[in-house]
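Only the coordinates and a few stated rules stand behind these numbers; no lab work does. No experiment lies behind these values; they were computed from the predicted model shown. Note: ideal-geometry Cβ built from the backbone for every residue, glycine included; neighbour counts use all protein chains shown.
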Amino acid sequence: MWTKSVNRSGMLLIIAGILIAGPMLFHPDDSRPDFAFPVVWVPVHVLMGIGALSCLAGLAGLYWTLQGKVTVFGSITFALAILGTILFVGLLFFVEATLLPDLGRDPAYQSLLRDNGPLMGGSFGFAVIASLTLVSLSYLLLAIYLIASRIISVANGLLFIGAPLAAFAPPLPYAVGIFGGVLFGVALIWLGVSIRRGTAHKALEVEMRFEDECLLLHAGGHA
């Protein structure tokens with residue numbers, strides 16, 4: 001049961017990484033005034049939204065399998081990452097894929113999308129920046145915990161730097177944002193693969209063996 005849950009979480013994280021890294025390669029340059037006009041804008045953000053949902057389920061499943069073995073710091077990082085991902089899902093589906101394209105197509109509302117406009121320059125813009133900051137910080141902290149716990153390799157953890165690179169482009173250059181999004185997606189894929197294969201995460205491997213041995217002993221005791 002425990003092993004199946006781990007494998008399921010790993011697969012969800014792999015799917016999440018694919019649906020984030022792939023669409024990012026087609027993400028329009030949102031520093032341009034007509035950034036929401038291209039036909040790929042909506043499908044890119046819908047696919048990334050589905051990827052974020054898959055990531056949310058994968059993280060929740062991974063945390064559940066580790067319950068009782070996670071430190072206080074680890075629990076905080078998982079909680080922040082899950083909360084940040086929930087906010088990210090809302091941004092992708094209800095803002096990026098729905099609200100912005102409708103406003104961008106209507107000349108009467110295009111001024112709202114400017115950085116100094118009444119929408120982005122007000123409390124809404126602040127909420128967006130705060131959400132992206134939480135997402136970026138939470139995944140960096142989660143990567144630190146996973147590395148310290150030997151659940152992932154250092155190389156895998158370093159790829160999570162892609163989260164803030166993607167979140168803050170602009171003001172970072174467009175190419176940096178695309179690169180960051182791909183890095184973050186690859187980080188999730190690597191995490192999912194390592195969980196499923198038992199490589200680069202000694203802590204989980206030990207727990208899986210211990211759990212399987214307990215199940216065998218329990219089954220033998222009732223034979």
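What the table below lists for this structure:
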item	result
Separation in nanometres of the label points that stand 7 Å from Cα toward Cβ, at residue 42 and residue 72	4.9
Potential lengthening between residue 158 and residue 126 on full extension [0.36 nm per residue; Cα-Cα distance subtracted]	8.7 nm
Potential lengthening between residue 26 and residue 144 on full extension [0.36 nm per residue; Cα-Cα distance subtracted]	39.5 nm
